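Student: One structure is given below, represented as structure tokens, and several questions about it will come after.
Readers should treat all values here as calculations from the given coordinates under stated rules, not as data from a laboratory. Given the structure is predicted, the values throughout are model-derived calculations rather than measurements.
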Amino acid sequence: MSYKFRQFLEPAIWLTALVLLFFMDTSKDSASFCVFKMVGFHSCPGCGIGHAMHEALHFRFAQSLHEHLLGIPAVLIILYTTIKSLYTLKSHNRHGSTKIIYDASRHAAG
């Protein structure tokens, strides 16, 4: 896998996840991907977070909080991560390598 492709992989994954969550079917008849529900449990700690994120992406914050308390923070964290990744790529491409090398010998007590 080339370096150019790999540097866009993480933001592409996060953006794809947000787009899929935005357009997901939240009707009660839709299939669930919850492993606990597939095994037979009626709920789990993560139940409703996908629906909550969907509602948050549609700016229906009260409904989002009703579905799961962590839906809004999850969307904000994913957005932050995506923007940070894209900004890092932009500054990396503009200024060359942004790798910082720590030189311990400069800070040694002597």
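Student: Restricting things to Cα coordinates, could you compute the convex hull volume per residue of region 49-93 in Å³? Before the final figure, lay out each step's value.
Tutor: Numbers: hull volume 2.5 nm³, N = 45.
Given the Cα convex hull of region 49-93, per-residue volume reads 55 Å³.
Student: Okay, next question. Using each residue's phi in region 48-65, evaluate 6.51 cos²θ - 1.76 cosθ + 1.60 at θ = phi - 60° and report the 3J(HN,Hα) Karplus result to the nearest Hz, with x for Gly and Pro.
Tutor: x, 5, x, 5, 5, 5, 4, 5, 5, 5, 9, 6, 9, 5, 5, 5, 4, 5
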